[in-house]
Amino acid sequence: MKFSENRTIAFIVLAVCVLVSIFGLGGMGLSRERNRVLTVYDRGTDASLSTRHSMDAYLDSAAENAQLMVSEAQLHMDASQVIDNVENLAETVAKSDDTNERYEAYDSLKTAVEKLYNAVSGKVSGSGFTNFKVAYDDFIQDCNMIKYDDYGKLAASYNDLISGFPGGIVAGITGQGTLNTFGG
């Protein structure tokens, strides 16, 4: 019996080769792509800039500015749930190592900061409002940097890659879920 004459064996060999290439090599390709996107999250895309120009650093800066807003608000307002909420969310954004947890806290922090801004702006005016307003403006600038950072585009591209065939199957088998885009 010759191998070339047995179609069943040839079909099995072909099927094994296809499965190995899709799931084996495809899984490694998805893993490399995911690691590349997460490296951009940590280090940014422009090697000429410091690591302070990465998604991780922008989130840290947003948390710092939210904390400054809390400090300023405490000077002009009695303790309130809005202040406590911003403080807790900012702490989670700054200290969490889990990207998903940071994303959820950051997403909530944007709304909480707006509520805090409205509460403080209604009670304080003039020079007492200046430091608070500067921290708020810096927070908004950080949010814009986060929104337009290259990481968001790369994460969205990766998510598109694993949403189709065979990427979705390979991602499911290898446990590689979607990445948060942080509004990008």
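The values are calculated or read from the model by the stated rules, or taken from the named source; none is laboratory data. Predicted, not measured: the structure shown is a model, and the values here were computed from it. Virtual Cβ from ideal backbone geometry, glycine too; neighbours counted across all protein chains shown.
If the condition is being surrounded by 15 or more Cβ atoms within 10 Å (Cβ to Cβ) and not β-branched (Val, Ile, Thr), then region 89-106 contributes LEU89, ALA90, GLU91, ALA94, SER96, ARG102, TYR103, GLU104, ALA105, TYR106.
Within region 113-163, the set of residues being over 14 Å from the mean Cα position of the chain (by Cα) and within 22 Å of ARG43 (Cβ to Cβ) comprises GLN141, LEU161. Cβ contacts < 7 Å: first residue assigned by TED's automatic domain parsing to the domain that holds TYR136 and in contact (Cβ under 8 Å) with a residue 12 or more places away in the chain, restricted to region 70-98; second residue buried (at least 20 other Cβ atoms within 10 Å of the Cβ) and aromatic (Phe, Trp, Tyr), any location; separation 6+ or different chain. Result? Close Cβ pairs satisfying both conditions: GLU72/PHE132; ALA73/PHE132; VAL93/TYR106.
ALA135 fulfils the conditions (1) without any contact (Cβ under 8 Å) to a residue 40 or more places away in the chain; (2) under 20 Å from LEU59 (Cα atoms); (3) surrounded by 14 or more Cβ atoms within 10 Å (Cβ to Cβ); (4) not basic (Lys, Arg) except for a single criterion, (1). The residues in region 32-69 that are at pLDDT 75 or above and either in contact with a strand residue (DSSP E or B) (Cβ under 9 Å, 6 or more places away or on another chain) or farther than 21 Å from GLU101 by Cα (or both) can be counted, and the count is 4.
Summed over region 16-31, residues that are modelled with pLDDT of 70 or more and farther than 18 Å from SER157 by Cβ total 1.
I'd like to verify a number: residues in region 92-134 that are among the polar types (S, T, N, Q), closer than 16 Å to LEU68 by Cα and in contact with a helix residue (DSSP H, G or I) (Cβ under 8 Å, 6 or more places away or on another chain), how many? Qualifying residue count for the region: 3.
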